[in-house]
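The values are calculated or read from the model by the stated rules, or taken from the named source; none is laboratory data. Predicted, not measured: the structure shown is a model, and the values here were computed from it. Please note: Cβ atoms are built from the backbone with ideal geometry, for glycine as well, and neighbour counts cover all protein chains shown.
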Amino acid sequence: MALNSMTGFACAEGGNDACTWVWELKSVNAKGLDARLRLPHGFERIEAEARGRIQKSCKRGNISASLNVNWTRAAGTYRVNRDALDGILELLPELRAHAPDAAQPTLDGLLGLKGVIETVDEPLDDDAQAALEAAVLADLDRAVEDLGTMRRSEGAQLAAVLGQQLARIGELCGQVGELAALRPDAIKARLVEQVRELAEAVPAVSEDRLAQEAAMLMLKADVREELDRLDAHGAAARDLLAADGAVGRKLDFLCQEFNREANTLCSKSSDVALTQIGLELKTVIDQMREQVQNIE
C-alpha cells in the first residue's frame, strides 16, 4: 500500500554559534496544496526556497511551516528609540496637570521605560548569513522528511481501514445476489401478479400498455446492472489503494459512484431484505468516504 494521509506534524531543531532554531510543520486536509510559511525578520529571502522544498514532497494538504529563531550571540550596540522617548515627553505636561505633587521624572527613569532603549544586533556578513540559511534549510528538509514519514504511516492505517470497508461492500453485494426475491422465477411470479392486478384495476388497458408496464416492472426488479457496476468500482478502488502517487481525488470520485449505485439499488427495492442491505451498503460507503477525505 502506498497511500499518504494529509494530516501530520513534524519538527526539527538546529543551532550554531549565533542562534538556535526550531522548524514546526503541521499538515491538515485540503482540496489542493497550500504551503504557508511564517519566518522571522532576516530570513525572508529563504521563503521561496523553503516553500519549494515543501511542495516537492507533498501533493495535497494545507501545510503550515513556522521557523522560530533564538539569537544567542551578544548584542551589538544600544540606541535610544527617539519616537518612544518623544511620545513620553509630550505626555509629561498632561501628567503634571493631573498629578502636580508628583516628583519630577529623572533621566534614568525615562531611559528605563520599556521600549526607550533598544538593542541593535550587528548584521552577519554575507558568508555567515549564507551558511546560516543553508543550515536552516537543511533542518527544514529533515522536518519535511519526518512529516512525510508520518503521513505515510497514517496512510497505511487508512489503507487497512479502506480495505476492510471494500471487503464489506463486496459481502453486501454478494448478499444481494443471493436474495431469493431476486431470482428469475421469483421475479417472474411477482411480475405476473402485478400485471394481473393492473389488468383487473384497469380493464380497458391495452395489451401494448400492459407490455410496457411489464417491461418497466422487470427493469425495476433487475439489479444486476447495479451489482456489476459496484463490483467494477470495488476493483478500481483496490487498484488505487495499491497505486503510487496522490489518489485521494480519484477515490473520492469512486465513493460518489458507489453511493449513486447504492441509491439506485434502494430505489428499485420492493423487498424488505434488499432495502436493509441497501441501507447498510450506504452506511459503509459514507464511512469509507469520510476516510477518503484524509488521503492525499
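Of Ala97, Ala65, which residue is among the aliphatic types (A, V, I, L, M), modelled with pLDDT of 80 or more and not assigned by TED's automatic domain parsing to the domain that holds Asn16?
Values: Ala65 fails: not assigned by TED's automatic domain parsing to the domain that holds Asn16.
Just a single option satisfies the conditions, and that option is Ala97.
Restricting attention to region 265-278, report how many residues are exposed (fewer than 15 other Cβ atoms within 10 Å of the Cβ) and either modelled with pLDDT of 90 or more or not in a helix (DSSP H, G or I) (or both).
Number of matching residues: 2.
Rundown of residues vs (1) surrounded by 18 or more Cβ atoms within 10 Å (Cβ to Cβ); (2) at pLDDT 75 or above; (3) basic (Lys, Arg); (4) assigned to a helix (DSSP H, G or I), yes/no style:
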residue: Ala186; (1), (2), (3), (4): no, no, no, yes
residue: Val195; (1), (2), (3), (4): no, no, no, yes
residue: Glu200; (1), (2), (3), (4): no, no, no, yes
residue: Leu210; (1), (2), (3), (4): no, no, no, yes
residue: Glu225; (1), (2), (3), (4): no, yes, no, yes
residue: Ala232; (1), (2), (3), (4): no, yes, no, yes
residue: Ala237; (1), (2), (3), (4): yes, yes, no, yes
residue: Glu261; (1), (2), (3), (4): yes, yes, no, yes
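Kindly establish whether Lys31 is closer than 30 Å to Ala246 by Cβ and in contact (Cβ under 8 Å) with a residue 24 or more places away in the chain.
Here the answer is yes, as Lys31 does meet what is asked.
Output the residue which, of all residues in region 43-65 that are farther than 21 Å from Cys19 by Cβ and hydrophobic (A, V, I, L, M, F, W, C), is surrounded by the fewest Cβ atoms within 10 Å (Cβ to Cβ).
Among residues in region 43-65 that are farther than 21 Å from Cys19 by Cβ and hydrophobic (A, V, I, L, M, F, W, C), the one surrounded by the fewest Cβ atoms within 10 Å (Cβ to Cβ) is Ala48.
Which of the residues that make up region 244-296 are β-branched (Val, Ile, Thr) and more than 21 Å from Gly174 (Cα to Cα)?
Val247, Val292, Ile295
Report, by residue number, each residue of region 3-19 that is of a type in the set (Gly, Ala, Ser), in contact with a helix residue (DSSP H, G or I) (Cβ under 8 Å, 6 or more places away or on another chain) and either exposed (fewer than 14 other Cβ atoms within 10 Å of the Cβ) or part of a strand (DSSP E or B) (or both).
At the first step, the residues of region 3-19 found to be of a type in the set (Gly, Ala, Ser) are 5, 8, 10, 12, 14-15, 18.
Cutting the leftovers down to in contact with a helix residue (DSSP H, G or I) (Cβ under 8 Å, 6 or more places away or on another chain) gives us 5, 8, 10, 12, 14, 18.
Answer for region 3-19, where residues must be of a type in the set (Gly, Ala, Ser), in contact with a helix residue (DSSP H, G or I) (Cβ under 8 Å, 6 or more places away or on another chain) and either exposed (fewer than 14 other Cβ atoms within 10 Å of the Cβ) or part of a strand (DSSP E or B) (or both): Ser5, Gly8, Ala10, Ala12, Gly14.
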